[in-house]
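The values are calculated or read from the model by the stated rules, or taken from the named source; none is laboratory data. Because the structure is a prediction, the values reported are computed rather than measured. Cβ: placed from backbone, ideal geometry, glycine included. Neighbour counts: every protein chain shown.
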Amino acid sequence: MSARLQQLFDFLKESPNDPFLMYAIASEYAKAGDQQEALARYTELTVSHPDYVGTYYHLGKLHEAMGQAALAIEAYERGMEIAKSKRDRHALSELQGAWRMASGLDEDDDE
């Protein structure tokens, strides 16, 4: 386990319901290439803190990296709904862009 990951787990012991710490841990696993652990942690975060909108973009990207386009699109769509309800235009824009790419709507038409 990396020093950064250990530090995040130590912080999580102090604040066990902090969604940012849970998100950061999932992201560390993703950066380390442990897709299964990252997936489990992002998925748990969508259950324990479903309104933590930042999760959905990274969950979608992870699904894409794992060759699971349909699940990526679902993650982006769920994130877009949450971003709209929170009036988070920045997150909504990022999620919409990722959704369009995953859906094949932003491909070059210059052929």
**Asked** What pairs can you find where one residue is in the stretch 14-29 and under 26 Å from ALA65 (Cβ atoms), the other is of a type in the set (Gly, Ala, Ser) and in a helix (DSSP H, G or I), and their Cβ atoms are less than 7 Å apart, with a gap of 6+ or different chains?
**Response** TYR23/GLY54; ALA26/ALA38; TYR29/ALA38
**Message:** Filter the stretch 25-60 down to the residues that are aliphatic (A, V, I, L, M), crowded, with 18+ Cβ neighbours inside 10 Å and either more than 9 Å from the chain's Cα centre (by Cα) or in a helix (DSSP H, G or I) (or both) and list them by number.
**Reply:** ILE25, ALA26, ALA30, ALA38, LEU39, LEU45, LEU59
**Prompt:** Given ARG78, ARG89, which one is under 21 Å from GLY104 (Cβ atoms) and either in contact with a helix residue (DSSP H, G or I) (Cβ under 6 Å, 6 or more places away or on another chain) or modelled with pLDDT of 95 or more (or both)?
**Reply:** ARG78
**Message:** Which of the numbered conditions does ILE82 fail, given that it passes all the others? Conditions: (1) out of contact with any Phe, Trp or Tyr (no Cβ under 9 Å at 6 or more places or on another chain); (2) buried (at least 18 other Cβ atoms within 10 Å of the Cβ).
**Reply:** (1)
**Prompt:** Taking the stretch 61-73 as the search range and keeping residues that are assigned to a helix (DSSP H, G or I) and in contact (Cβ under 8 Å) with a residue 12 or more places away in the chain, which one is surrounded by the most Cβ atoms within 10 Å (Cβ to Cβ)?
**Reply:** ALA72
**Request:** Would you point out the residue of the stretch 10-24, among those that are assigned to a helix (DSSP H, G or I) and under 19 Å from the mean Cα position of the chain (by Cα), that is surrounded by the most Cβ atoms within 10 Å (Cβ to Cβ)?
**Result:** MET22
